[in-house]
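**Student:** Right, I'll just put the structure down here and ask away after.
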């Protein structure tokens, strides 16, 4: 064990993420400004305590609990000097024991890179984690750093120290390896270069989508590289061309004895063309090539991770005890590509890939699709019965030819996002009357925010849920892959959207006259607005909704996230107001409610992780981020809110318009009122929490087809939601809802568990066996500690069986079942200036829970954020780090302001990592005045931990 450093204070300032609107003057300037009603909660309470006849004290105590997901794990040797205990895990022998499913946060760095802290001087290039895994679990690594500045790799080793698989791309933050056989493994996160925060996720079996690398896959064309030598001479007048000749000549001399074939001969015809390099066939030859490129003498021991693996044990001879394998050849191939590229002699060095013939984009197919990140979306798409709806559509004798159009009125869409670009009916428009330089009413709906604006890419996330390109093996899936998106931007890079801009965008979408003086080539079928404000329906919104409905356009609006009454425009007549559900189909804690709620849909609850994926129960979709140079990059992330629920409904309406293009708004209203497109929840029939119930995509498609005079729906089957349960290390029970995809005579006749520790209680018998089942685990039955997997088998009257996997963990005596994301810092923020007033560190009690207390607050207005500082750069809440705010981290919404007039002990915070495989809300590298988070100026955002530092910008994933 390495002693814990003690040279830093325990109370410091903060930074934060997840795309908030800035706590700035513009928050109060425009009375008509509307906040995006998405990603989390709203109104935090006013002052508490104090009062009566007793004079208020001069100072007050603020306190609360910090809530973490129980599967949260922290690397035991991060760069934060406040981490205790600090335990080095740099070798296989010192590997950190972890239990999957998990979401682990950590840091790695090459010697002398990254901020000062525990690991700057000695380096921490490798983190080793020992974990028991079963077949079809996927290990996913995401780096928080730009891969051009820090390159992280992932390797998987079996218990006998044999390398089984790896992933070490050069231009991506994401690496993954799929496990194909049960066993004990050691996972290595390696910093090939630079320093980075990382997130490592391992879910339950079958909770990740496609991963090209596995513990048995033999990569094609291993041992082959394509290399383009740099040009020489004075061509194009480049002064460094002669240097390229020197580099190539020196490189060829160094590598001549290594057995690499295909090195170009200077001056020969074709010397400057791409070359195929064949690497040595033996591991020893490849080791010598690595040593030559690194400037090491032959016979030197290979340092670091490779030595730990036993790939080069001799320090005096050119021999090795390593055994060759497809995995080792593949790792050597990519490592040599990196090393050759680093010499500067080549324009590029890359693996020699095989390429498939281009395929026609697939608009319709059965679920689950092959999209890489669909596993994160599975819970919310299964909750709305989308797989059954897609099966019904895919089974049609002929597919419709018209693609429905959904207008997304929001902060714009990343038009070049590979998951959205094929889905755009046009580039859309911007309706911005609060004109800033370069902004205004523009013929493009692109999100124009730059890194300095802290964009959260809210509209991109919404559009991805509606209609992301699906069946393309990238990103995620959309509810209606055959639909097209019309992006209409009404939010400027900073500040709120105005009523006049929103209503003109609505009119444009419906093909009606508007202040831009132009009309779309074809009107939209559905409008989605994940935006709003408190108060009664504004006349302008009421008039606009009536007009667009008369033009044949359905209007879907998010109900809002302040846990109060539905606001405008969701409460306007004719709007389909959507409330939000968690993964258990219960009202999300932030969701608004009221008599105007029409439907409920998945919105997520990031306080929990119950679906076996290892990540928070967020809604996952397309977003974007920025690299270190400020270039916008497409990515994927999770958000929560009614803004995420609304596009599920908009997508289902698009499915209905696809199978029945002539479906009218009046018919949609009638189906909605009759309960024909939803499943009743809560109080029988319509209620203020769920409206007419949870949107059911299959019922909606069947109803639309019936109105179109199509063939009767085929008989349905019984399905489970969720289809996988994770009880974690603390929960003792969960629920599973058994329903049907459509009308069917199939019924449940029995249910069995293959593990004595797991029992199931059936609902009150209705003759069908459908309803809510209660799953319970008795950890005392299972003697061994660790993660356990059981299967519940439901047998149907048709002899068909339905299996629901159940995961739970049992901890050894004395072990804590609480999650751990490293030291958590709670910051008090001045809402008027955005500066950090002061900070404290949360303390873990004997019960394993984190609590914080600030005893000397003088009263008045304050905002509260919390997060980790894994890399010790004095900013919390950067990409990959934990982050939260009181009462809830809200995307594209201002930090809640509390007016403290007495002691407050109810200031609980929930924190979760910010990344594409965690609860990233949008692009965690952005900086955005819509956020109240400052920026470090390094493109990664965050809140300053040291007090009294000025806001440098806002931060931005939402």
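**Student:** Identify, from the list 705, 730, 738, the residue that is buried (at least 18 other Cβ atoms within 10 Å of the Cβ) and either part of a loop (DSSP other than H, G, I, E, B) or touching a strand residue (DSSP E or B) at 6+ places or on another chain (Cβ under 7 Å) (or both).
**Tutor:** Details: 705 fails: either part of a loop (DSSP other than H, G, I, E, B) or touching a strand residue (DSSP E or B) at 6+ places or on another chain (Cβ under 7 Å) (or both); 730 fails: buried (at least 18 other Cβ atoms within 10 Å of the Cβ).
So the residue among 705, 730, 738 that is buried (at least 18 other Cβ atoms within 10 Å of the Cβ) and either part of a loop (DSSP other than H, G, I, E, B) or touching a strand residue (DSSP E or B) at 6+ places or on another chain (Cβ under 7 Å) (or both) is 738.
**Student:** Report, by residue number, each residue of segment 887-919 that is farther than 22 Å from residue 496 by Cβ and modelled with pLDDT under 75.
**Tutor:** Selection gives 915, 916, 917, 918, 919.
**Student:** Hey, another quick one. What tally of residues in segment 767-791 results from selecting those that are at positive phi and assigned to a strand (DSSP E or B)? Explain how you work it out, then say what you get.
**Tutor:** Narrowing segment 767-791 to residues at positive phi: 767, 769, 771, 786.
Restricting the remaining residues to those that are assigned to a strand (DSSP E or B) gives 771, 786.
Within segment 767-791, residues that are at positive phi and assigned to a strand (DSSP E or B) number 2.
**Student:** Something else about it: On the basis of being touching a helix residue (DSSP H, G or I) at 6+ places or on another chain (Cβ under 8 Å), at positive phi, modelled with pLDDT under 95 and in the same structural domain as residue 669 (by TED's automatic domain parsing), does residue 552 make the cut?
**Tutor:** Numbers: touching a helix residue (DSSP H, G or I) at 6+ places or on another chain (Cβ under 8 Å): yes; at positive phi: yes; modelled with pLDDT under 95: no; in the same structural domain as residue 669 (by TED's automatic domain parsing): yes.
No; evaluated as a whole, the condition is false for this residue.
**Student:** Out of the residues in segment 162-173 that are in contact with a strand residue (DSSP E or B) (Cβ under 8 Å, 6 or more places away or on another chain) and either surrounded by fewer than 21 Cβ atoms within 10 Å (Cβ to Cβ) or in a loop (DSSP other than H, G, I, E, B) (or both), which is modelled with the highest pLDDT? Quick ask: steps written out before the conclusion?
**Tutor:** Residues of segment 162-173 in contact with a strand residue (DSSP E or B) (Cβ under 8 Å, 6 or more places away or on another chain): 163-170, 173.
Still in the running and either surrounded by fewer than 21 Cβ atoms within 10 Å (Cβ to Cβ) or in a loop (DSSP other than H, G, I, E, B) (or both): 168-170, 173.
Details: 168: 76, 169: 74, 170: 70, 173: 84.
Among those residues, the one meeting the criterion is 173.
**Student:** Return yes or no: is residue 455 at pLDDT below 95, within 30 Å of residue 378 (Cβ to Cβ), touching a strand residue (DSSP E or B) at 6+ places or on another chain (Cβ under 9 Å) and crowded, with 21+ Cβ neighbours inside 10 Å? Spell out the reasoning first.
**Tutor:** On the way: at pLDDT below 95: yes; within 30 Å of residue 378 (Cβ to Cβ): yes; touching a strand residue (DSSP E or B) at 6+ places or on another chain (Cβ under 9 Å): yes; crowded, with 21+ Cβ neighbours inside 10 Å: yes.
For residue 455, the condition - at pLDDT below 95, within 30 Å of residue 378 (Cβ to Cβ), touching a strand residue (DSSP E or B) at 6+ places or on another chain (Cβ under 9 Å) and crowded, with 21+ Cβ neighbours inside 10 Å - is met.
**Student:** I'm trying to understand the selection: among the residues of segment 445-467, which are within 19 Å of residue 526 (Cα to Cα) and assigned to a loop (DSSP other than H, G, I, E, B)? Steps first, please.
**Tutor:** The first filter runs over segment 445-467 and keeps only residues within 19 Å of residue 526 (Cα to Cα), leaving 445, 458-467.
Listed by number, the list holds a single entry, 445.
**Student:** For residue 649, only one of the following conditions fails: (1) at pLDDT 95 or above; (2) closer than 28 Å to residue 806 by Cβ. What is its number?
**Tutor:** (2)
**Student:** While we're looking at this one, here's another question. Please determine whether any residue of segment 164-177 is touching a helix residue (DSSP H, G or I) at 6+ places or on another chain (Cβ under 7 Å), farther than 20 Å from residue 210 by Cα and touching a residue at least 24 places away in the same chain (Cβ under 8 Å).
**Tutor:** Keep residues of segment 164-177 that are touching a helix residue (DSSP H, G or I) at 6+ places or on another chain (Cβ under 7 Å), which gives 164-166, 168, 170.
Restricting the remaining residues to those that are farther than 20 Å from residue 210 by Cα gives none.
Checked segment 164-177: no residue is touching a helix residue (DSSP H, G or I) at 6+ places or on another chain (Cβ under 7 Å), farther than 20 Å from residue 210 by Cα and touching a residue at least 24 places away in the same chain (Cβ under 8 Å).
**Student:** Can we say residue 551 is surrounded by fewer than 22 Cβ atoms within 10 Å (Cβ to Cβ) and within 29 Å of the chain's Cα centre (by Cα)? Talk me through it step by step, then tell me what you get.
**Tutor:** Working: surrounded by fewer than 22 Cβ atoms within 10 Å (Cβ to Cβ): yes; within 29 Å of the chain's Cα centre (by Cα): no.
Taking the combined requirement at face value, the residue does not satisfy it.
**Student:** Still on this structure: Which members of segment 117-159 meet the condition of being crowded, with 24+ Cβ neighbours inside 10 Å and more than 17 Å from residue 199 (Cα to Cα)?
**Tutor:** Result: 117, 119, 157.
**Student:** Only one of 764, 749, 719 is more than 25 Å from residue 608 (Cα to Cα), touching a strand residue (DSSP E or B) at 6+ places or on another chain (Cβ under 8 Å), part of a strand (DSSP E or B) and not assigned by TED's automatic domain parsing to the domain that holds residue 665. Can you tell me which?
**Tutor:** Every option except 749 fails the conditions.
**Student:** Please pick out the residue among 99, 54 that is modelled with pLDDT under 90, part of a loop (DSSP other than H, G, I, E, B), under 25 Å from the mean Cα position of the chain (by Cα) and farther than 28 Å from residue 558 by Cβ. Talk me through it step by step, then tell me what you get.
**Tutor:** Details: 54 fails: under 25 Å from the mean Cα position of the chain (by Cα).
Just a single option satisfies the conditions, and that option is 99.
The values are calculated or read from the model by the stated rules, or taken from the named source; none is laboratory data. Quick caveat: nothing in here was measured; it's all calculated off a predicted structure. Cβ: placed from backbone, ideal geometry, glycine included. Neighbour counts: every protein chain shown.
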